[in-house]
1. Give the share of C-alpha pairs in each 10 angstrom bin for the chain, from 0 to the last occupied bin, in whole percents, shortest bins first.
2. Give me the net charge of C122's neighbourhood, meaning all other residues with Cβ under 14 Å from the Cβ of C122; Lys, Arg count +1, Asp, Glu -1.
3. Roughly how many whole Å is it from the C-alpha centroid of region 80-124 to that of region 62-78?
4. If you fit an axis through the alpha-carbon atoms of helix 94-103 and take the longest principal axis of the Cα set of the chain, what angle between them do you get, 0 to 90°, nearest 10?
5. From zero outward in steps of 5 Å, how is the percent of C-alpha pairs of region 57-193 spread across the bins?
6. Scan around L53 for amide H atoms under 5 Å from its own, H built in the peptide plane at 1.01 Å from N, and keep only partners 5 or more places away or cross-chain.
7. What ranking, highest mean first, results for peptides 113-125, 75-87, 158-170 when packing means the other Cβ atoms within 10 Å averaged over each residue?
8. Run the helix sum for the chain: -39,500 (n - 2.57) per DSSP H stretch of 4+ residues, divided by residue count, reported at 222 nm to the nearest 500 deg cm²/dmol.
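The values are calculated or read from the model by the stated rules, or taken from the named source; none is laboratory data. Small disclaimer: the values here were computed from a predicted structure and weren't measured. So basically every Cβ, Gly included, is an ideal-geometry build from the backbone, and we count neighbours across all protein chains shown. Calculation scope for accessible area: heavy atoms of the full protein, side chains included, ligands and nucleic acids excluded. Shrake-Rupley method; radii C 1.70, N 1.55, O 1.52, S 1.80 Å.
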Amino acid sequence: MDLTTRLIEGSGLSIPIFDGSYNNGKGRYLSEPEIIKNSLLAQIFEPSELPSLLLVKIDSKNPDANHLRQRTFTDGIKRKLAFSSGDNYYFADDALRKKIKRLFATEPDTACRYGSLLVSNCYKGSETFTNLRVKIVDFTDPQYADYKTGDCHGKISPRLAKQLGGERNCPLQFRFAWMKSWAESDNSQAPKTSFLAKGTFLPDAKLTDAEGYDIVMDRSSIKVVFHSPPTFESL
């Protein structure tokens, strides 16, 4: 059984599956892999970093913590739980697990609460952008009321929305990652902290293009902050 996670062009990540609930916990490998399209996981990591990723399923009605312990699989690789998404548990070898763990270092429990951000299927598409102009505001602060954001809701340039597969005047769900390491050394305007975010955007040229922004994101959309928690001003 090939237990290698691969990036398949046009299809996304192909992740092998181990059903840990089968045969009193002895488990079995499923013939069909999990296909995840346009995920943040594939955007953040290089394909060469992901081969050891393995999806483990357990009986959600009768969960057994023993199924989530470190174990050695048939390829001889020891894997540990790296993060979860609903009833899906993603295992990885030490090298990949440590890299994923750094994403949730500030609040380790977010690997369970918001691990789904890494493997959400973005059916319309995904892109890595350069020179993206993002304004981060706080809908609870009256000084930002004119941006008309809300809880996990922001605005996006119609041009950018179209590029992502969105429709004019129609809200779209989004997943967003910013890695501090992506910033150019001379860019003083880049966020000082890496983060993952989710929510909805509504195309609005007046609040984005006309103001010199591609995206107006509300602070409430930021769910996972890497390293030390930022102050609002640092964003």
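1. 7, 29, 32, 20, 10, 2, 0
2. +3
3. The two parts, judged by their Cα centres, are 16 Å apart.
4. 30
5. 2, 7, 13, 15, 17, 16, 12, 8, 7, 4, 1, 0
6. T5
7. Ranked from most to least packed, the peptides come out as 113-125, 75-87, 158-170.
8. -2500 deg cm²/dmol
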